[in-house]
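See below for the structure under consideration.
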Amino acid sequence: MLQRPEGRIRDAFRSSHRFATYFALVALSGAIGSVVVGRAPLYVLLLAPALGYAMYFLLPLVLQLTGAATSDLNVNLWFAWAICGGLVFFWIGLLIKGHELFATMAEIVRTGLLSAVAWIACVVLVWFVRRAWLKRGA
């Protein structure tokens, strides 16, 4: 059954808030430890939990609103294939180009990024073709 957009957005905000609160508490405890030991200034007590909360609130929210994750943060398998395969092909591209004797760092990274983008593009293409194939009724 399809959920109304307002309810979907409200559920996404609620689950993202719950997810981010835990990470904000972890960031706060780490900041307290760093301030007590003297490795960080006092303003870190405000900055660390705010940045931790913002990062871990926005990422799940975007994933949920785009459909890459559900409200209980189960990730779509197509998204997982694209990201995990992209990481693997990035490292494979780095290893392939890194063995050349006169390769610069820019060429090595460019090869890694191109191979990762190629993998992600292939996964997205297969997803679109599969989706169109299923809509057509085949």
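Please say if the chain is rounded, prolate or oblate, where rounded means a/c under 1.5 for a ≥ b ≥ c the square roots of the C-alpha gyration tensor eigenvalues, and otherwise the choice is prolate for a/b larger than b/c and oblate otherwise? Taking the square roots of the gyration eigenvalues as a ≥ b ≥ c, the chain is oblate. Along the axis of the charge dipole computed for the chain (Cβ charges of +1 for Lys and Arg, -1 for Asp and Glu, origin at the Cα centre), the listed residues ALA68, HIS99, LEU28 are led at the positive end by ALA68.
What is the percent of Cα-Cα separations in region 79-122 that go past 13 Å? Summing the P(r) tail past 13 Å for region 79-122 gives 46 percent. Under 5 Å from the amide H of ALA69 lie the amide H atoms of GLN64, ASN76, each residue being 5 or more positions distant or on a separate chain, with H modelled from the backbone and absent for Pro and chain starts.
With helices as the sole contributors, the chain gives -28500 deg cm²/dmol at 222 nm; each DSSP H run of n ≥ 4 counts as -39500 (n - 2.57), and the sum is divided by every residue.
For region 1-132, give the magnitude of the charge dipole about the Cα centre (Cβ charges: +1 Lys/Arg, -1 Asp/Glu; no others), in debye to the nearest 20.
Working: 10 positive and 5 negative charges, 61 e Å.
Computed charge dipole of region 1-132: roughly 300 debye.
Enter the Cα centre distance for the pair region 52-66 and region 105-138, rounded to the nearest angstrom. Distance between centres, Cα-based: 24 Å.
Can you give the extra length, in nm with one decimal, that the chain gains between SER29 and ILE92 once fully stretched, where that is 0.36 nm per residue apart less the Cα-Cα distance?
Numbers: separation 63, 0.36 × 63 = 22.68 nm, distance 3.76 nm.
Roughly 18.9 nm would be gained on extension.
For TRP78 and LEU65 in one chain, what is 0.36 nm times their gap in residues minus the Cα-Cα distance, to one decimal in nm? Mind showing how you got there, number by number?
Working: separation 13, 0.36 × 13 = 4.68 nm, distance 1.56 nm.
Extra length from TRP78 to LEU65 when fully extended: 3.1 nm.
Among VAL36, VAL75, VAL124, the residue with the largest mean-square fluctuation in a Gaussian network model of the chain, with springs joining Cα atoms closer than 10 Å, is VAL36. Ordering LEU114, TYR53, PHE79 by Cα displacement along the dipole of region 1-122 toward the positive end leaves TYR53 in first place; charges were set at the Cβ atoms of Lys, Arg (+1) and Asp, Glu (-1). Considering the chain as a Gaussian network with a 10 Å cut-off on Cα pairs, which listed residue, ILE120, ILE32, ILE83, attains the greatest mean-square fluctuation? Top of the fluctuation ranking is ILE32.
Computed on region 4-138, with alpha-carbon pairs under 8 angstrom and 6+ residues apart, the relative contact order is 19 percent.
Every number in this text was worked out from the coordinates using simple rules, so none of it is lab data. From a predicted model like this one, the values you see are computed outputs, not experimental measurements. Cβ atoms come from the backbone with ideal geometry, glycine included; neighbour counts cover every protein chain shown.
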